[in-house]
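The structure under discussion appears below in the form of structure tokens.
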Amino acid sequence: MDTSDTPLLSIVIPCFNEEDVITSTVNRLRAFCATVKDVRVELIFVDDGSQDGTRARLKSFGTEDPRIRIIGFARNFGHQVAVTAGIDAARGDAVVLIDADLQDPPEVIHGMLTLWREGYDVVYGTRTDRPGESLFKRVTARLFYRVLSRLSDVPIPLDTGDFRLMDRRVADTLRAMPERDRFIRGMVSWVGFRQTALPYQRAERLAGESKYPLRRMLRFATDGILSFSTKPLQISIALGMFAAFLSVLGVLYALYMRLFTHIWVEGWTALMIAILFLGGTQLISVGILGEYIGRIYAEIKQRPLYIVQEYWGFDDAEPVLSRSPVPGRR
Ligand code: UDP
Ligand code: MG
């Protein structure tokens, strides 16, 4: 089995404070590994600066299982960045991204592998059902994917998260993309090649709680939209045109009243409304502009995307591909 012409599958699992679920995750993944044929597997866990016992547990599994590799971040860098580090370090002929909370069933990877062998470069999991998630999360998620696909410059499939398989060519392309705004699912769509969907049922989070509270979800949604579209800027132009159009109507109305009737347009209220409307439109536009400028600023600072504290369980003889400026303890 361990011959080098057997293809290698890298499974990348980002983990942030997943102590409650990590044991089940490792066991489920190992059970999956036992059932795949003609493929070797490496499990790359990216510990995104967990404060709990996640990393210690992973290491204790890793001491008895050479397939387990751990990338330990120096602090919490966020889900998308953790996934990026995993892709950077993965050596597989195919790379799978999967969440640590078992919401994405590992067994679905069988289907992904089949499609990959048929020649697809990307097989993305599309969620048909999201049991156990709050109505609020389901509605906002639905809305987000639809707004995004309306605004985005590249077509991004609906209801598709990061659970996916990609071929080495796609992983290499992602590795060559330096941008800081990592909206992985959008970036993978942008790359192209042959892509296909694989519908699956999203399960409930097995244990622990979501690491995406409302605030982070909003941030993530804005990142996704702003890094894949400049349409918000056009929206602010449209808002400005609309305001200008309304003011022309107002002027015409006032002139008409003054010239052809005895009434003067009086106007504290009208004035106030106009000022508030204009002020609001301007602030929104400046805010949108500011979001893009903030991103340009972050981009030109050229900070490294992540800092690795340690690489654990990797082959000592081989260098690990990484964007981290420090090599990380081995
Ligand atoms: N995650 C991470 N860093 C973070 C937040 C989350 O690595 O800052 C991981 C988390 O451990 C999980 C995955 O990203 O494996 C998805 O997170 P979660 O399940 O909390 O999100 P949800 O499914 O609720 O959207
Ligand atoms: Mg989850």
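The values are calculated or read from the model by the stated rules, or taken from the named source; none is laboratory data. Predicted model, so just to flag it, every value in this text is computed and none were measured. Methodologically, a virtual Cβ is constructed for each residue, glycine included, from the backbone with ideal geometry; neighbour enumeration extends over all protein chains shown.
So is T173 among the hydroxyl-bearing types (S, T, Y) and at pLDDT 90 or above or not? So T173 passes the test.
The residues listed here are T84, T54; of these, the one that is buried (at least 21 other Cβ atoms within 10 Å of the Cβ) and within 22 Å of M177 (Cα to Cα) is T84. In the stretch 85-103, the residue that is farthest from ligand 2 (Cβ to nearest atom) out of those that are farther than 14 Å from V320 by Cβ and out of contact with any Ser or Thr (no Cβ under 8 Å at 6 or more places or on another chain) is D93. With respect to the conditions (1) away from ligand 1 (no atom under 16 Å from the Cβ); (2) in contact with a helix residue (DSSP H, G or I) (Cβ under 7 Å, 6 or more places away or on another chain); (3) modelled with pLDDT of 85 or more; (4) of a type in the set (D, E, K, R), D153 lacks only one, and its number is (3).
State whether the residues of the stretch 28-50 include one that is within 16 Å of ligand 2 (Cβ to nearest atom), in contact (Cβ under 8 Å) with a residue 40 or more places away in the chain, assigned to a helix (DSSP H, G or I) and within 17 Å of D162 (Cβ to Cβ). For the stretch 28-50, residues within 16 Å of ligand 2 (Cβ to nearest atom), in contact (Cβ under 8 Å) with a residue 40 or more places away in the chain, assigned to a helix (DSSP H, G or I) and within 17 Å of D162 (Cβ to Cβ): present. Sub-9 Å Cβ pairs linking a first residue in the stretch 135-160 that is touching a residue at least 24 places away in the same chain (Cβ under 8 Å) and within 17 Å of V191 (Cα to Cα) to a second residue that is within 13 Å of ligand 1 (Cβ to nearest atom) and of a type in the set (K, R), at least 6 apart or interchain, are I156/R185; P157/R185; T160/R127; T160/R185, ordered by first then second residue. Say whether the condition of being assigned to a helix (DSSP H, G or I), free of Cβ contacts under 8 Å to residues at least 12 places away in the same chain, surrounded by fewer than 16 Cβ atoms within 10 Å (Cβ to Cβ) and away from ligand 2 (no atom under 16 Å from the Cβ) is met by at least one residue in the stretch 63-72. The answer is no; no qualifying residue exists. Restricting the stretch 103-134 to residues that are touching a residue at least 60 places away in the same chain (Cβ under 8 Å) and aromatic (F, W, Y), which is farthest from Q201 (Cα to Cα)? Taking the candidates together, the pick is Y120.
Just one of the listed residues (G132, G119) is over 16 Å from the mean Cα position of the chain (by Cα), within 16 Å of ligand 1 (Cβ to nearest atom) and at positive phi, and it is G132.
Hydrophobic (A, V, I, L, M, F, W, C) and more than 20 Å from L233 (Cα to Cα): does that describe V147? Here the answer is no, as V147 does not meet what is asked.
Identify the residue in the stretch 87-112 that is in a helix (DSSP H, G or I) and away from ligand 1 (no atom under 16 Å from the Cβ) and, among all such residues, is surrounded by the most Cβ atoms within 10 Å (Cβ to Cβ).
Taking the stretch 87-112 as the starting set, the residues that turn out to be in a helix (DSSP H, G or I) are 87-89, 108-112.
Filter again for away from ligand 1 (no atom under 16 Å from the Cβ), leaving 110-112.
Details: H110: 12, G111: 15, M112: 24.
The qualifying residue surrounded by the most Cβ atoms within 10 Å (Cβ to Cβ) is M112.
The single condition among (1) within 22 Å of A31 (Cα to Cα); (2) away from ligand 2 (no atom under 13 Å from the Cβ) that R194 does not meet is (1). Here Y120 meets each of (1) under 21 Å from L218 (Cα atoms); (2) at pLDDT 85 or above; (3) aromatic (F, W, Y) with one exception, condition (1).
Take M272 and tell me if it is under 30 Å from Y124 (Cα atoms), more than 16 Å from ligand 1 (Cβ to nearest atom) and without any contact (Cβ under 8 Å) to a residue 40 or more places away in the chain.
On the way: under 30 Å from Y124 (Cα atoms): no; more than 16 Å from ligand 1 (Cβ to nearest atom): yes; without any contact (Cβ under 8 Å) to a residue 40 or more places away in the chain: yes.
So M272 does not fit the description; no.
Taken over the stretch 166-219, the criterion of being farther than 17 Å from P155 by Cα, of a type outside the set (A, V, I, L, M, F, W, C) and in a helix (DSSP H, G or I) is satisfied by R168, R169, D172, T173, R175, R215, R216, R219.
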